[in-house]
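Working notes, structure below.
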Amino acid sequence: MKSFYRSMLLSLTLLLALFVKPALAAQNGSVAASAVVVPAQITELGFMTSALVKEISVKEGDEVTAGQTLVLLNTPEAEYNVTAAEAALRSALGEEKVQSYRRIKDRRNGKVFFDVVPPEVRQIAHAHVEQAQASLEEAQAILAQSTLVAPHDATVAFVKVVPGEYVEQNQVIVTLATLHTLQLETTDLSERDITKVKIGSPVNISIEASNESITGKVIGISPRANTVGGDVVFKVTIAFDKQPENLLWGMTAEVTIEE
Amino acid sequence: MKKVCLIVLALSALILSACASASTPTSIPTISLDNNNSSPSTQSSDANSVSASAVIVPVNDAQLSFSSVGRVTAVNVKVGDKVTAGQMLVKLDTTILEAKVKEAEAGVLAADAQIRYLNRLATDPLHYESAAADLARAQALLESAKATLATQSTLTAPFDGTIVSVDINPAETVVPGQVVIVLGDLSKYQIETTDLSERDVTRVQVGQSANVFIEALGEEFSGKVTDIDRVSSTLGGDVVYKVTIDLDKQPQGLLWGMSADVQIETAK
């Protein structure tokens, strides 16, 4: 008989827990939700061309500065095209010079004249130089596409390839993230609660990993809902008033947004 | 004694599983003909009305993408920004396209000088015509290069609206068709049903009035059926038709994706 009561009690507490949990979620005026720590900016870098990777100059965890070279592709044809365009430009420049020095022998009224080349011929030679110059710029720009550079100061979060591997157009090769500026994004804030959330609302944050309680502010509300397991939820972005130490990307938190 | 324990355990398991299944979404509308009370929040279709679940969507929205491959140099908007038609949202690196325009401009200069030269020399018409054709070709190339630069390198807002999502950052690459920005005109919403079954759709007609209960606001609004899909879609094995309902009055606080229960008055 004892075990009967025990199992009865067990099932009752389980039932109670199931019903009480959602009731705890939204207590008088404030909105509670789960959230995850994410970087304020994530940049997923890739190439516009498909080629073999020649060199990777960074590894995961590295701090990079704007303009720093990250990955280099092996594109011999692009290099050759630049060399060829340079040669074509030199040739056009030489031709222009030749046309400016050239004299044409002419006989008029029994006298010999050495006329300059007609102006149109020189204009054509000059236009060819400009054309060659533009072609070279184009070839250089295409070659520059073989180099991936950091667009801003950040931390290298992921490097997805090793030298010698083939990368496809638009494939994400390097992910940069601003790990010094982290924020929170809610994962399960329901449509029933979203009307109470306003930009600037104060937020109490409880970080599970460090068991810390801190404060923040709502800085963004998604204008469009997502569905999570059949529930309609809205993503709310929260900035920390003061970012705690030892916080990592992906850590979970419980947030209470004050009305 | 053991038997009793087992029965209790089995019962509690049953109750628990019932609870679990109740929390997952039910999408198939049930038709109960004997139910005559028209409570909007319960899904019931009767002889006089058809009920369905629905979602709130903007009347006008666009998934914007580029028509060419490129690297992004600037993203001028963020989620929530209001934009006007024609406003530039995202810009691609244009070094190559600009070089192509310069090349084509030089080509026009060369062809133009050639034709002036032949004109001055009063050469035979055949040479002249050939040069004229060259000039026309060079000009067409220039126009093409300029048009490519103007249209492929920037993404502009097709209508006034609000930026709903931005899936691109400066320095990232784009390919044709990749959705980088979602724009919606959030000043006007409509209701679209998600699970109105083929069994009910025959009774629904454009112009019928509907009661719309919006869960997030906890309020009921009136509206009218404005459109019925001509082709079905399937939802978890059910054949459903999307019915669009315009609200008579736009309530405050609506957001894209909120859910609603609608009851369409079919008997009039």
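Once you list every other residue whose beta carbon is under 13 Å from the beta carbon of A:Ala51, what net charge do they have if Lys and Arg are +1 and Asp and Glu are -1? Summing Lys/Arg as +1 and Asp/Glu as -1 gives -4.
Peptide A:184-197 shows a mean partner chain C-beta count of 2 within 10 Å per residue C-beta.
Computed from the C-beta positions of B:Thr154 and A:Ala40 and an R0 of 25 Å, the FRET efficiency is 0.45 to the nearest 0.05. Using a Gaussian network model of chain A in which every pair of alpha carbons under 10 angstrom is joined by a spring, one finds that among A:Thr178, A:Thr147, A:Thr83 the greatest mean-square fluctuation is at A:Thr83. When Lys and Arg each count +1 and Asp and Glu each count -1, what net charge do the other residues less than 13 Å away from B:Arg137, Cβ to Cβ, add up to? Net local charge, B:Arg137 excluded: -4. With 0.36 nm allotted per residue and the present C-alpha distance subtracted, the A:Ser100-A:Glu212 stretch has 32.4 nm of extension available. Exposure proxy ranking for A:Glu79, B:Glu215, based on other Cβ atoms within 10 angstrom of each Cβ and starting from the fewest, stands as A:Glu79, B:Glu215. Largest GNM mean-square fluctuation among A:Phe114, A:Phe47, A:Phe158, using chain A with Cα springs under 10 Å: A:Phe114.
Counts of other chain beta carbons within 10 angstrom of each beta carbon in peptide A:143-155 average 2.
Helical content alone sets the calculated 222 nm signal of the protein assembly as shown at -10500 deg cm²/dmol, taking -39,500 (n - 2.57) per DSSP H segment of four or more residues and averaging over every residue. Using only the Cα atoms of the protein assembly as shown, build the gyration tensor, take square roots of its eigenvalues as a ≥ b ≥ c, and label the shape rounded, prolate or oblate: rounded if a/c is under 1.5, else prolate if a/b is larger than b/c, else oblate. It is prolate, given that a/c is not under 1.5 and a/b is the larger ratio.
The residue list B:Thr123, B:Ile168, A:Ala66 was ranked by how far each Cα lies along the charge dipole of the protein assembly as shown toward its positive end, using unit charges on Cβ atoms, and B:Thr123 comes out on top. When segment B:81-152 is described by a simple charge dipole with +1 on each Lys and Arg Cβ and -1 on each Asp and Glu Cβ, the residue from B:Ala136, B:Leu109, B:Gly86 located farthest towards its positive end is B:Gly86. Here A:Phe113, A:Phe234 are placed in order of increasing Cβ neighbour count within 10 Å, fewest first, which gives A:Phe113, A:Phe234. Restricting the trypsin sites (Lys or Arg not before Pro) of segment B:44-91 to loop positions (DSSP other than H, G, I, E, B) with no more than 14 neighbouring Cβ atoms within 10 Å leaves B:Lys78. Positive end of the dipole of chain A (Cβ unit charges, origin at the Cα centre): among A:His152, A:Val233, A:Ile142, the Cα lying farthest that way belongs to A:Ile142.
Once you list every other residue whose beta carbon is under 15 Å from the beta carbon of A:Val36, what net charge do they have if Lys and Arg are +1 and Asp and Glu are -1? My count for the surroundings of A:Val36 gives -3. Here the calculated FRET efficiency for B:Thr202 and A:Thr252, from their Cβ-Cβ distance with R0 = 56 Å, stands at 0.70, rounded to the nearest 0.05. Annotation for segment A:194-259: trypsin sites (Lys or Arg not before Pro) lying in DSSP loop with at most 11 further Cβ atoms inside 10 Å of their Cβ are A:Lys198, A:Lys242.
In percent, rounded to a whole number, the relative contact order of segment A:136-202 is 27, using alpha-carbon pairs under 8 Å and six or more apart. Build a GNM of chain A with springs between Cα atoms under 10 Å apart, and of A:Val159, A:Val172, A:Val232 the one that fluctuates most is A:Val232.
For segment B:131-182, the square roots of the Cα gyration tensor eigenvalues, ordered a ≥ b ≥ c, give a/c of at least 1.5 with a/b greater than b/c, which places it in the prolate category.
Note on B:252-265: average number of Cβ atoms from other chains within 10 Å of each residue's Cβ is 3. Take every pair of alpha-carbon atoms less than 8 Å apart whose residues are at least six positions apart; their mean separation over the length of chain A yields a relative contact order of 29 percent.
Counting pairs of alpha carbon atoms under 8 Å apart in space and at least six apart in sequence, what relative contact order in percent does segment B:159-235 give? Across segment B:159-235, relative contact order equals 22 percent. Does segment B:170-268 classify as rounded, prolate or oblate by the C-alpha gyration tensor (a ≥ b ≥ c root eigenvalues; a/c under 1.5 gives rounded; else a/b over b/c gives prolate, otherwise oblate)? Oblate shape, in that a/c is at least 1.5 and b/c is the bigger or equal ratio.
Multiplying the residue separation of A:His180 and A:Lys111 by 0.36 nm and removing their Cα-Cα distance gives an extension gain of 16.5 nm.
Bear in mind that the values in this text are calculations on the coordinates, not laboratory data. Please read all numbers here as calculations on a predicted model, not as lab measurements. Note that each Cβ is placed from the backbone with ideal geometry, even for glycine, and that neighbours are counted across all protein chains shown.
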